[in-house]
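The structure appears right after this line, and notes come after that.
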Amino acid sequence: MKNIVKNILFLSLIFSLLNCGKDEPPKTNGKTDSEIQKTEIDSEQISKNLNISILIDLSDRISPEKYPNPSMEYYQRDLGYIETISKSFETALSKKPIRQTNDQMQVFFEPEPEDTEINSLAKSLKVSFTKDNTTKKTLEEIEPIFKKNSEKIYNIAVQNKQFVGSDIWKFFKNKVKDYCIKDNHRNILVILTDGYIYHKDSKFMEGNKSSYLTPALIKSFGLGSDFEKTFEEKKLGLIPANSNLENLEVIVLGINPSKNNPFEGDIIKLYWKDWLKSMGVKKFYLKEADLPSNLDPVIQKIISG
């Protein structure tokens, strides 16, 4: 009888040892499968938090007198792009659960316009949404506000001929990290410009590299059909204004090359491509000044990710 009891106790002990820990979920690197899955979901959600910045080049490139375009003036194209960007932002937010909302969109100028009305209007073009202020009504107001007030800004600039220029190089040097990059967000900087980079306060050279890009500079280097070869041999390019911009996507809209050189558009894009890469930007899009109706689906696709 004692032997039977001993055998039963022995078998019970073995059974307990074999089943020890069976109820605990398997772990990988100290984390359970459920913990890993939650981390992946959190990371995916973070990547959907949008932080969109729009840098507007208010130089004379938007002047209908200096650069007329009978099909559609260039400042009107800008307005079409802004409308699409704001619409894409609104669409992205409307698809998210309100509790997950943590998104921003804002407009910048460099330098700041001296016109107080433009600056006042620009303040209304800085919006931030969280679960505390997101409603169907506030989302539906995004596109109309951006459309209405951006149109007022452009009209003031065009009518008063207040073309303050745009110091894109200095913006990248002094402001892009502070203003356009937020942790745990998908950071997108949209630049509305003709592709040329110039401001009197940021004009210098280091060898054959420059802080600016103008038709005259392109012409001075004799860039033609073999521009890529010349670019490499002469070590041309824009001087890097910053570094470590891996967490920033850049969209350049409105590139409008001089008609005097059939390769000008490609040369401008080469300069931008080389410059953005030198600063660590991994994802960028360079688009010429097409009609907004043509670029609308392109912009929406980029922003939707």
Please compute the modelled spin-label separation between Ser124 and Lys182, points set 7 Å along Cα→Cβ, answer in nm with one decimal.
2.2 nm
Per 0.36 nm of contour for each residue apart, how much would the distance between Ile145 and Asn133 grow if the chain were fully extended, relative to their Cα-Cα spacing?
2.7 nm
Report the gain in length on full extension from Met205 to Lys161: 0.36 nm times residue separation, minus Cα-Cα distance, nm rounded to one decimal.
12.8 nm
Least to most buried among Met279, Met205, by other C-beta atoms within 10 Å and fewest first, runs Met205, Met279
Two-site FRET efficiency, Glu114 against Thr230, from Cβ-Cβ distance with R₀ of 41 Å, rounded to 0.05
0.55
Two pseudo-spin positions, 7 Å from Cα along C-beta at Ser71 and at Arg99, lie apart in nanometres by 4.9 nm
Give the dimensionless ratio obtained when the Cα radius of gyration of the range 52-304 is divided by 2.2 N^0.38 Å.
1.01
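FYI, it's all coordinate maths here, none of it is from the lab. Only a predicted model underlies this, so the values are computations on that prediction, with no experimental measurement involved. Cβ: placed from backbone, ideal geometry, glycine included. Neighbour counts: every protein chain shown.
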